[in-house]
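Visitor: My questions will all concern the structure given below.
The values are calculated or read from the model by the stated rules, or taken from the named source; none is laboratory data. All of these numbers come straight from a predicted model, not from anything done at the bench. Neighbour counts are summed over all protein chains in view; Cβ atoms, including those assigned to glycine, are modelled from backbone coordinates with ideal geometry. Please note that ligands, DNA and RNA were not included when accessible areas were found on the heavy atoms of the full protein model with its side chains. Shrake-Rupley method; radii C 1.70, N 1.55, O 1.52, S 1.80 Å.
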Amino acid sequence: MSSAWAAVLAVGAGTVVLKSVGPVGLAGRELPPRIAGLLSMVAPAILAALVVTETFADGRSLVLDARLAGVAAGAVAIVLRAPLWGVIAVGALATAAVRLVS
């Protein structure tokens with residue numbers, strides 16, 4: 001198992017623990033708005049970091065290959081408000097096309 005997947009599993013386990021301990025620790029009290037706002041941004045930030053790491057890294061080096069084209073095409077599909085299956089298909093097709101040409 002790669003260290004990235006170990007990190008994903010650790011974050012997932014931590015999330016489950018925090019979600020189960022949170023209601024007990026807060027005992028019905030509301031979180032301050034600033035902390036609630038920060039907590040709502042943690043999951044998207046971790047997911048974005050994982051995507052960037054898996055797309056542009058190979059060990060400790062930066063790699064720009066066909067995966068970059070797939071992510072860029074997927075980003076364009078998101079901007080054009082394509083459904084999720086469309087974003088995945090566009091990204092996969094762009095990556096396959098670049099790999100076919102190179």
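Visitor: Are there any pairs with C-beta distances below 9 angstrom linking a residue in the stretch 27-42 that is part of a loop (DSSP other than H, G, I, E, B) to a residue that is at pLDDT below 85, with the two at least 6 apart or on different chains, and if so which?
Guide: Every condition considered, the pairs that remain are GLU30/ALA36; LEU31/GLY22; LEU31/LEU39.
Visitor: Determine which member of the set SER3, SER20, SER40, SER61 is among the polar types (S, T, N, Q), open to solvent by 90 Å² or more (accessible area, probe 1.4 Å) and on the phi < 0 side of the Ramachandran plot. Break it down stepwise before answering.
Guide: Values: SER20 fails: open to solvent by 90 Å² or more (accessible area, probe 1.4 Å); SER40 fails: open to solvent by 90 Å² or more (accessible area, probe 1.4 Å); SER61 fails: open to solvent by 90 Å² or more (accessible area, probe 1.4 Å).
Testing whether each residue is among the polar types (S, T, N, Q), open to solvent by 90 Å² or more (accessible area, probe 1.4 Å) and on the phi < 0 side of the Ramachandran plot leaves just SER3.
Residues checked against (1) charged (D, E, K, R); (2) more than 27 Å from THR15 (Cβ to Cβ); (3) at pLDDT below 90; (4) in contact with a helix residue (DSSP H, G or I) (Cβ under 9 Å, 6 or more places away or on another chain):
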{"site": "ALA45", "(1), (2), (3), (4)": "no, no, no, no"}
{"site": "THR53", "(1), (2), (3), (4)": "no, no, yes, yes"}
{"site": "PHE56", "(1), (2), (3), (4)": "no, no, yes, yes"}
{"site": "GLY59", "(1), (2), (3), (4)": "no, yes, yes, no"}
{"site": "LEU62", "(1), (2), (3), (4)": "no, yes, yes, yes"}
{"site": "ALA66", "(1), (2), (3), (4)": "no, yes, no, yes"}
{"site": "ALA69", "(1), (2), (3), (4)": "no, yes, no, yes"}
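Visitor: Out of all the residues in the stretch 44-70, which are in a helix (DSSP H, G or I) and closer than 19 Å to SER102 by Cβ? Give the derivation first.
Guide: First pass over the stretch 44-70, keeping only residues in a helix (DSSP H, G or I): 44-56, 66-70.
Within the stretch 44-70, THR55, PHE56, ALA66, ARG67, LEU68, ALA69, GLY70 meet the criteria.
Visitor: Tally time: how many residues in the stretch 73-102 are part of a loop (DSSP other than H, G, I, E, B), open to solvent by 60 Å² or more (accessible area, probe 1.4 Å), on the phi < 0 side of the Ramachandran plot and not hydroxyl-bearing (Ser, Thr, Tyr)? Quick ask: steps written out before the conclusion?
Guide: Start the filter on the stretch 73-102 by keeping residues that are part of a loop (DSSP other than H, G, I, E, B), which leaves 80-83, 102.
Then keep just the ones that are open to solvent by 60 Å² or more (accessible area, probe 1.4 Å); that gives 80-81, 83, 102.
This time we only want the ones that are on the phi < 0 side of the Ramachandran plot, so: 80, 83, 102.
This time we only want the ones that are not hydroxyl-bearing (Ser, Thr, Tyr), so: 80, 83.
So the answer is 2.
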